[in-house]
1. Accessible area per residue for the stretch 1-125 in Å², computed with a 1.4 Å probe and the full protein assembly in place, what is it?
2. How many nm separate the modelled label positions at Ser72 and Ser90, each set 7 Å beyond the Cα in the direction of the Cβ?
3. What is the Cα radius of gyration of the stretch 89-242 over 2.2 N^0.38 Å, N being its residue count?
4. Which cross-chain or sequence-distant (5 or more) residues have an amide H under 5 Å from the amide H of Phe35, H modelled 1.01 Å from N in plane?
5. With Cβ to Cβ distances under 15 Å as the rule, what net charge do the other residues near Leu237 carry (K, R +1; D, E -1)?
6. GNM, the chain, Cα, under 10 Å: largest mean-square fluctuation among Pro221, Pro57, Pro88?
7. Give me the Kirkwood hydrodynamic radius of the stretch 165-220, using the inverse of the mean 1/r over all pairs of distinct Cα atoms, in Å to one decimal.
8. Carbon and sulfur: what percent of the stretch 194-268's accessible surface (1.4 Å probe)?
Amino acid sequence: MTDRTPIPVIVSGAAGKMGREVVKAIAGAPDMTLFGAVDLNPEHLGKDVGEVVGCGPLEVPIMNELQSILCSAAQEKQPAAVVDFTHPKSVYENVRAAIAYGVRPVVGTTGLSPQQIQELAEFADKASIGVIIAPNFSIGIILQQQAAIQASKYFDHVEIIELHHNQKADAPSGTAIKTAEMLAEMGKTYNEPSVEETENIAGARGGQLDENIRIHSVRLPGLIAHQEVIFGAPGQLYTLRHDTSDRSCYMPGVLLSIRKVIELKSLVYGLEKIL
């Protein structure tokens, strides 16, 4: 797309941990231009987003009103995108607003319910607007999930442990839920009980999703994002683990999603669908 007009991109949640990385990645992408930056932290209001994130001046001020920027982006000749890394409580309305204005959302914020995703998919279909919702933008996680699908053909017992920093607002992570959903789609029921279990403390065995797959969430300072998918069988364990040491690992997936969402006419859930 380098021979075309650069894609205008809005970053919502621009001063957050992921938003800062997205701003820097877009600033360095020759086929994109940073059209707007939104963040609700009053400390950053009006400041140059490039100065805030540490990549030098970009002449894009941080604003606290998403819809006005969406309205302006909708008037651009080139279809625009908005990358959302905000909060589970606001992401649904953010995405609906973007679709209404004809701006293509790329969503990394987790916490959307299956019903909300379905509603957004129907709204996107009616508007013929592309949307990408990705619980995780890391290629390593996609590979882990694919390996888990292969392992599920041979193992009947599996549990998932996800570990994140203690500022993550939702649990379990969207990545863990997506991994469990992918395993559940294999058409088998896991973890047939061998004893009648009793939880002496509620939740000690984690949350249970479809097909008896349990997810355990850990929240501690010092962590970024980590996931283990553990398969068990008599005499052996098979552990798939992915560790994030720097949020820059998500940026190739984010940039790919921005390029792809411009071409879509409907909602896609999961980065693996566009690879």
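The values are calculated or read from the model by the stated rules, or taken from the named source; none is laboratory data. Quick caveat, the model's predicted, so the values are computed rather than measured. Cβ sites come from the backbone with ideal geometry, for glycine too, and all protein chains shown count toward neighbours. All accessible areas refer to the heavy atoms of the entire protein, side chains included, with ligands and DNA or RNA removed. Shrake-Rupley method; radii C 1.70, N 1.55, O 1.52, S 1.80 Å.
1. Working: 5730 Å² over 125 residues.
In whole numbers, the stretch 1-125 has 46 Å² accessible per residue.
2. In this crude spin-label approximation the distance works out to 1.7 nm.
3. Details: Rg = 17.3 Å, N = 154, 2.2 N^0.38 = 14.9 Å.
Taking the Cα Rg and dividing by 2.2 N^0.38 Å, one obtains 1.16.
4. Val9, Ile10
5. Working: positive: Arg241; negative: Asp156, Glu159, Glu228.
Cβ neighbours under 15 Å give a net charge of -2.
6. Taking springs between Cα atoms under 10 Å, the residue moving most is Pro221.
7. Values: mean 1/r = 0.0786 Å⁻¹.
Here the Kirkwood hydrodynamic radius works out to 12.7 Å.
8. 51 percent
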